[in-house]
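Any read-out appearing in this document is the output of simple, stated calculations on the displayed coordinates, not a laboratory observation. Please read these numbers as outputs of a predicted model, since none were measured by experiment. Backbone-built Cβ (ideal geometry, glycine too); neighbour counts: all protein chains shown.
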Amino acid sequence: MSIAPVLQLEAALLRKQMPDLLLRPGMTLFARVAEREGRHGIIVLAGSPLVAELPDEVQVGDKLRLLVQDTRGERVAMKLVQEEPAAPPQSPVIGVPLPDGSTARVSVDERDADRDDAEHASISIGYSAPALGQVGFVLALAPGAVRVRAELAAGAPFELASDAAGELKARLAEATGRAAEVTVTPRREPLDLYA
């Protein structure tokens, strides 16, 4: 049984460069090795370059999956986690209770993310609720930006979603600290020429 290599960062420097990042043991982070000189190097974590003490097997250009182990003391220790091939995940349908007592059904339709690029990712989500019917969302992240594209039935559901788009945009920007964009479009129902 081999011991997983550990990467270490100076806690004070990490807090200074990334004050909003709250690390807890058990969290998984992704980073890239930008430079290396001897035992030390520069990793890029969430777009910020940080000086780190690197294990011997880590090289420039490596993409790292890091499991936070210890955040107490002067150093933050993160264990390198090896990627394990996994079976494709099933997309469960989750029931979300709504204030009126009804239940919305949410499911993940499609994911588009590169494990090596934590700054660019998107996910397609299907959402079904009594007031809106079936809604298709695409949530996309890019450096400094978050975008939501929603598609739903024309008429009252579209009007309701369009009216709430500004509030969603403001809340996304506040929650993520990124520029937000929200687009609501009516779903084009297929035309049945045989009817």
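Here are the numbers for the structure shown:
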{"read-out": "Förster-model FRET efficiency, 45 Å R0, residue 168 and residue 53, C-beta, rounded to 0.05", "value": "0.60"}
{"read-out": "Residue 135 long-range amide H proximity, modeled H, under 5 Å", "value": "127, 128, 129"}
